[in-house]
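Here's the structure, in structure tokens; my notes come after.
The values are calculated or read from the model by the stated rules, or taken from the named source; none is laboratory data. None of the values given here were measured: they were computed from a predicted structure. Reconstructed Cβ throughout: ideal geometry from the backbone, glycine too, with neighbour counts over all protein chains shown. With ligands, DNA and RNA removed, areas are computed over all heavy atoms of the protein, side chains included. Shrake-Rupley method; radii C 1.70, N 1.55, O 1.52, S 1.80 Å.
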Amino acid sequence: MAAVMEKARHRDGWLGAEFDRGALYWDFTPAHLAAIDELMDKLAGDKRPFHEIGKHDFSHPALDRDLAAVLAKIKNGPGLLVLRGFPVDKYTPEEMQTVYWGIGAHFGRGCSQSADGDYLGHVTNVEKASRGYTTSRELTLHTDSAEIVGLLCVRDAKEGGVSIYVNSLKVHEIVAREHPEYLSVLERGFRCDRRGEEAPEDDSVTPYRVPVFSEMGGVLSTRYVRGVIDRGATTLGEPLSDLETAALDFFDEVAKRDEVRLELTLRPGEASFINNYEMLHARTAFVDHDDPAKKRLLYRLWLEGEPPRPMKKEVHLYQNRSGRMGVDPQPGRGPR
């Protein structure tokens, strides 16, 4: 009976106002950090790019069991965990890519995050940026394109850059209770703009509807980016109906409620990991330090579970020939 009750609580999700912040953090111990040092020493002469490093390359008796327990909390617990104590002051930013990737390999297979083949997104302010995470502006609540999303803070901002998290299972529960007529609209989904990340032979807008809420094998998943929904309708010349607009507006209103969302600021050495299809995330705008060497920098991981989460194929925006989550790298393009 206890197991059944636990499953029901998990499916209902949680409110940010009631979240146990004591359960939010997991700390690296001295033994964990010594193991990381030992692994980095072994990899010192390895010429492979960091994204070719696998879990077996970053396996250590002092890490493996504890990281498996962390993964269980991310996938089967509240869906949000912050790991503290990454040695960002000890290793160079480039070396930290290897450390972070190696830890992430315990949670899933790393995915390309763009058609350019970016396997570790640099969340920082870049001139003439084309993606929201490479700007300093506010990012509204959304989901990404992989099962588990990690964000490691290497350097924080002078001001702002607060992370916002919302449990989408709770949003589903509230929508079902307060406006059940919107559920079928959100489950039917929307044709979404692919932001120029699609393969040359694919449509710029999904030829299928991407469901906001969908269920497979008793697992409820959420896929939501309001901007690509609106742009998809504009590109197609097919305006959203009044009912569709109302359903999306209500989804946004629920997700923005003070009691629903949870806010925190990641500090250097802290990394959040979320169960992406059960969590929405956002960020407030930020102001960088005057010194360019101190500008805000986070590393983003997209990870596919092994085995992958059961989901309808229409949840994925991209028709990846690789069969992987994320965005397949495209010929003639490369990391920026």
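Computed quantities for the displayed model
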quantity: Checklist (1) at pLDDT 95 or above; (2) over 23 Å from Leu297 (Cα atoms); (3) surrounded by fewer than 14 Cβ atoms within 10 Å (Cβ to Cβ) applied to Asp27, failing item; calculated: (2)
quantity: Considering residues of segment 71-83 that are more than 16 Å from Leu301 (Cα to Cα) and touching a residue at least 60 places away in the same chain (Cβ under 8 Å) only, the residue surrounded by the fewest Cβ atoms within 10 Å (Cβ to Cβ); calculated: Asn76
quantity: Number of positions in segment 208-238 that are part of a loop (DSSP other than H, G, I, E, B) and either more than 23 Å from Gln113 (Cβ to Cβ) or open to solvent by less than 30 Å² (accessible area, probe 1.4 Å) (or both); calculated: 10
quantity: Subset tally (residues that are surrounded by 13 or more Cβ atoms within 10 Å (Cβ to Cβ) and not in a loop (DSSP other than H, G, I, E, B)) for segment 15-24; calculated: 1
quantity: Total residues in segment 69-93, condition in contact with a strand residue (DSSP E or B) (Cβ under 7 Å, 6 or more places away or on another chain) and outside any helix (DSSP H, G or I); calculated: 9
quantity: Leu152 being modelled with pLDDT of 95 or more, in contact with a helix residue (DSSP H, G or I) (Cβ under 7 Å, 6 or more places away or on another chain), in a helix (DSSP H, G or I) and within 19 Å of Ala282 (Cβ to Cβ); calculated: no
quantity: Residue among Asp37, Asp66, Asp57, Asp41 that is part of a helix (DSSP H, G or I), under 17 Å from Ser272 (Cα atoms) and open to solvent by 20 Å² or more (accessible area, probe 1.4 Å); calculated: Asp66
quantity: In segment 260-274, residue surrounded by the fewest Cβ atoms within 10 Å (Cβ to Cβ) [restricted to those that are under 18 Å from Gly121 (Cβ atoms) and not acidic (Asp, Glu)]; calculated: Pro268
quantity: Residue that is most open to solvent (accessible area, probe 1.4 Å) [pool: residues in segment 297-309 that are in a loop (DSSP other than H, G, I, E, B) and touching a residue at least 60 places away in the same chain (Cβ under 8 Å)]; calculated: Glu306
quantity: Subset tally (residues that are over 21 Å from the mean Cα position of the chain (by Cα) and in a helix (DSSP H, G or I)) for segment 163-185; calculated: 12
quantity: Count of residues meeting criterion [within 13 Å of Glu244 (Cβ to Cβ) and open to solvent by 10 Å² or more (accessible area, probe 1.4 Å)] in segment 180-198; calculated: 8
quantity: Counted residues, segment 310-336 - those being in a loop (DSSP other than H, G, I, E, B) and within 18 Å of Val225 (Cβ to Cβ); calculated: 9
quantity: Hey, Lys294 loosely packed, with under 15 Cβ neighbours inside 10 Å, touching a residue at least 40 places away in the same chain (Cβ under 8 Å) and out of contact with any His (no Cβ under 9 Å at 6 or more places or on another chain) or not; calculated: yes
quantity: Flag for Ala255 being more than 19 Å from the chain's Cα centre (by Cα), small (Gly, Ala, Ser) and surrounded by 15 or more Cβ atoms within 10 Å (Cβ to Cβ); calculated: no
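Conditions (1) open to solvent by less than 40 Å² (accessible area, probe 1.4 Å); (2) touching a strand residue (DSSP E or B) at 6+ places or on another chain (Cβ under 6 Å), marked per residue:
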{"position": "Ala146", "(1), (2)": "yes, yes"}
{"position": "Cys153", "(1), (2)": "yes, yes"}
{"position": "Ala157", "(1), (2)": "yes, yes"}
{"position": "Ile164", "(1), (2)": "yes, yes"}
{"position": "Lys170", "(1), (2)": "yes, no"}
{"position": "Ile174", "(1), (2)": "yes, no"}
{"position": "Arg177", "(1), (2)": "no, no"}
